[in-house]
Amino acid sequence: MRYARDLFDDFPDPDVFLWNAIIRCHSRHNLFRDALGLYSKMQLLWVSPDSFTFTCVLKACSALPSLEMGRRVQCQILRRGFDSDVFVQNGLVTFYAKCGEIELANKVFWRLSERTIVTWTSMISGYVQNGQPLEALRVYGQMRKTNMKPEWITFVSVLKACGQVGSIDLAKWMDEYIASSEFKDAVVVNTALIDMYAKCGSINLSRDVFNRTKDKDVVMWSAMIAAYAVHGEGQEAIDLFKAMRKAGVPPNDVTFVSLLSACKHSGLVEDGWKLFHCMSEYSIQPRHQHYACVVDLLGRAGYLDRAYEFIRNMPMEPGLSIWGALLTACKIHQHVPLGELAAERLFSLDPYSTGHHVQLSNIYASARMWDRVSKLRVLMKEKGLSKDLGYSSIEINGKLQVFQVGDKSHPRFKEIFEELESLERRLKEAGFSIDAESVLHDLDHEETEETLCNHSERIAIAYGLISTPPGTTLRIIKNLRACVNCHAAIKLISKVENREIVVRDANRFHHFKDGNCSCGDYW
DNA sequence: GTAGGGTTAG
C-alpha cells in the first residue's frame, strides 16, 4: 500500500485512470477517509472524475458512512451527467441504504430507467439492513415479476429477510425454491439457510442443512454454533466446536463470540471462561465484544464481583456493551450498588438512551426503592427521553399478527381483551401474579418499556388463545422480554390449554410444552 | 480497473 502511494506521488501529472486506481487501492485497505481525501485533491487539480471514480467514492461514503459527503458526491454526479450510469446509480442505492436513508434509496431505485440484478439486490439488501424484511420481500416479488434471474447474493439477502420475519412456513418455501435452483450446494447460500432456520425457531432444520453441505468453511461452522447459541444449547455448541477442530477448520474471532454467547445462555461459566482464555492458541486477539460476552457470562450466573474485577483488568477502555452487560446482570440479581455504578458509566457514555434508564429504574423497583424510581423518572423527563413502544408479533397458520401496547386496531380486539381478562383470572386462581410490573405502572401512570412489552405480549397470547384450537402450536416471535411472571404464565398456559408455545425473546427461543420450558437459562 | 453478499447480538 505504502509502495503504491509512493509510486503515485512520484507521478508528475496523473490522469483520471491513475487517480481511480489509487482511490480504489485505499478503499480496498479500508482507508476510506484517505480515499475521499484523494477524491477532493483530484478535483482541486481539475481532473474530471468518471463513472469509475464515482462508484469507488460512493463505496467509501457507504463504508464510513458519511451522508454529507455522499450527498455532495451526488451533486457532482448530476452536474457531470452520470445520473443514467447504472453502476453509479447502484452505488447511490447502496449508499443511501447504508446511511439508513432507505426512503431515499427507494426513490433513486424507482427513478432508474434500467435495473440490473445488482440494482434489485442492492434494494432488497438495503431493506434487510434497515430492518424492513417485509419490504425486502415485496421488492423481491416485484423483481420476480420482471423475470429477472436472481443470483446467489440475491438469495442470501432474501433468506436474511425471511429470518427477520421469523416465519417458518416462508423459510421452508424459500428453501424448497432454492433447492430447485443452481445454488443448492453453494456454501454461502446454505450458511444463510442455517441462519434463517435458526432465527425461525427450527434448530433441527438448521442442522439438516449443515449436515448435507460438503466442504464447510469457518463461516458455516460459526453460523451453526451461533444457531445453537440462540437456542440455548450451549453443550451442543461446544461439541460442534470440538468437531470443527477435528475437521481441521481453524476458528476465527466470530466463532468465539458465538461460542461465548452459547455458554452464557446455558450457564456454562467455566467452559466459557476456558474458551476465552484459549483464544490465544489460535492467535486471535480478544476484542471488546469478547470481553463483553465474558462479563455477561459471569454476570448472568451471579458472579457480579468477579465480573467487575474482570472489567477493571481489561486491557482496553470498557464501552457501552460491557457496562450494559453488567447492568443487565445487576437487574437479574437485583444488585443495586453495582447497577448504579454501571448505569452511571452508561449515562456518561450514552446520555440519551431510554433503555439504560428503564433498566436502572427496574432495578430500583425490584428493590422497592420507589423514591429513586421517581427521581429517575424526573431525570428522564428533564432529558426529554421518549419511550420506545414495545411490540410483539405472533404467527398463526403462517400469518403474522403484530401487536403494540394498548392496540385496539384488531377487528376482534374486544374478544382479545376479554380473553386477556379471563386469562388473568385463571392465572390468579392458580396462584400466579402476572401483573407484578403494573406496580410500576400505577406509581405515576407512566409505563416503562418493559411493561409495554409485557402488555403487548399478553395481547398476543390472548389472541393466540382465541384463534387456535387447543393442541396447536403457537409461535410468539418478536421482541418479547418476558419477565419471570410472564414466563410462569406461559408455562401454565401451555399446560392448561394443551398448546405448544414457542417464544422468541430478545435473542433466543424458548419452547413451552406441558407446563415445561426446554430452554432454561436463568429463569 | 467500477455495483449487491453468508457467521457476532441487546
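The values are calculated or read from the model by the stated rules, or taken from the named source; none is laboratory data. Everything numeric here is computed off the predicted structure, so don't read it as measured data. Please note: Cβ atoms are built from the backbone with ideal geometry, for glycine as well, and neighbour counts cover all protein chains shown. Heavy atoms of the whole protein, side chains included, go into the accessibility calculation; ligands, DNA and RNA do not. Shrake-Rupley method; radii C 1.70, N 1.55, O 1.52, S 1.80 Å.
Every residue, every condition in (1) open to solvent by less than 30 Å² (accessible area, probe 1.4 Å); (2) among the β-branched types (Val, Ile, Thr); (3) in contact (Cβ under 8 Å) with a residue 12 or more places away in the chain, yes or no:
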{"position": "A:6", "(1), (2), (3)": "no, no, no"}
{"position": "A:33", "(1), (2), (3)": "no, no, yes"}
{"position": "A:45", "(1), (2), (3)": "no, no, no"}
{"position": "A:51", "(1), (2), (3)": "yes, no, yes"}
{"position": "A:85", "(1), (2), (3)": "no, no, yes"}
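Restricting attention to the range A:117-153, the residues that are within 10 Å of DNA strand B (Cβ to nearest atom) and of a type in the set (S, T, N, Q) total 5.
Total residues in the range A:356-392 satisfying the condition of being open to solvent by less than 60 Å² (accessible area, probe 1.4 Å), part of a loop (DSSP other than H, G, I, E, B) and modelled with pLDDT of 80 or more: the figure is 2. Residue under question is residue A:21, and the condition is that it be touching a His at 6+ places or on another chain (Cβ under 9 Å), within 11 Å of DNA strand B (Cβ to nearest atom) and assigned to a helix (DSSP H, G or I); does it hold? For residue A:21, the condition - touching a His at 6+ places or on another chain (Cβ under 9 Å), within 11 Å of DNA strand B (Cβ to nearest atom) and assigned to a helix (DSSP H, G or I) - is not met.
So which residues in the range A:126-145 are in a helix (DSSP H, G or I), within 10 Å of residue A:97 (Cβ to Cβ) and open to solvent by 30 Å² or more (accessible area, probe 1.4 Å)?
Just the residues of the range A:126-145 that are in a helix (DSSP H, G or I), to begin with: A:126-129, A:133-145.
Cutting the leftovers down to within 10 Å of residue A:97 (Cβ to Cβ) gives us A:126-129.
Matches in the range A:126-145: A:129 only.
Among the candidates A:249, A:156, A:230, the residue that is closer than 26 Å to residue A:282 by Cα, in contact (Cβ under 8 Å) with a residue 12 or more places away in the chain, near DNA strand B (Cβ under 8 Å from one of its atoms) and not polar (S, T, N, Q) is uniquely A:230. If you take the residues in the range A:306-363 that are within 17 Å of residue A:293 (Cβ to Cβ) and among the hydroxyl-bearing types (Ser, Thr, Tyr), which one is farthest from the chain's Cα centre (by Cα)? Restricting to residues being within 17 Å of residue A:293 (Cβ to Cβ) and among the hydroxyl-bearing types (Ser, Thr, Tyr), the top hit is A:308. Is it the case that residue A:289 is among the polar types (S, T, N, Q) and more than 22 Å from residue A:360 (Cβ to Cβ)? In short, yes. Among the numbered conditions (1) closer than 30 Å to residue A:253 by Cα; (2) more than 12 Å from DNA strand B (Cβ to nearest atom); (3) open to solvent by less than 10 Å² (accessible area, probe 1.4 Å), the only one that residue A:322 does not meet is (2). The helices (runs of 4 or more DSSP H) located wholly in the range A:421-523 that include 2 or more residues which are modelled with pLDDT of 70 or more and of a type in the set (Gly, Ala, Ser) occupy A:449-467.
For every residue, the table says whether it meets (1) in contact with a Pro (Cβ under 6 Å, 6 or more places away or on another chain); (2) more than 30 Å from residue A:502 (Cα to Cα); (3) among the aliphatic types (A, V, I, L, M); (4) not in a helix (DSSP H, G or I).
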position: A:223; (1), (2), (3), (4): no, no, yes, no
position: A:243; (1), (2), (3), (4): no, no, yes, no
position: A:255; (1), (2), (3), (4): no, no, no, no
position: A:264; (1), (2), (3), (4): no, no, no, no
position: A:272; (1), (2), (3), (4): no, no, no, no
position: A:289; (1), (2), (3), (4): no, no, no, no
position: A:308; (1), (2), (3), (4): no, yes, no, no
position: A:314; (1), (2), (3), (4): no, yes, yes, yes
position: A:321; (1), (2), (3), (4): no, no, no, no
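For the range A:325-339, residues that are closer than 9 Å to residue A:363 by Cα, more than 11 Å from DNA strand B (Cβ to nearest atom) and either of a type in the set (D, E, K, R) or surrounded by 19 or more Cβ atoms within 10 Å (Cβ to Cβ) (or both) total 3.
Does the range A:45-55 contain any residue that is more than 14 Å from DNA strand B (Cβ to nearest atom) and closer than 29 Å to residue A:12 by Cα? Scanning the range A:45-55 turns up at least one residue that is more than 14 Å from DNA strand B (Cβ to nearest atom) and closer than 29 Å to residue A:12 by Cα.
Which members of the range A:154-173 meet the condition of being farther than 19 Å from residue A:393 by Cα and of a type in the set (S, T, N, Q)? Before you say what the answer is, go through the steps one by one.
From the range A:154-173, those farther than 19 Å from residue A:393 by Cα are A:154-159, A:172-173; that's our starting set.
Scanning the range A:154-173 gives A:154, A:157.
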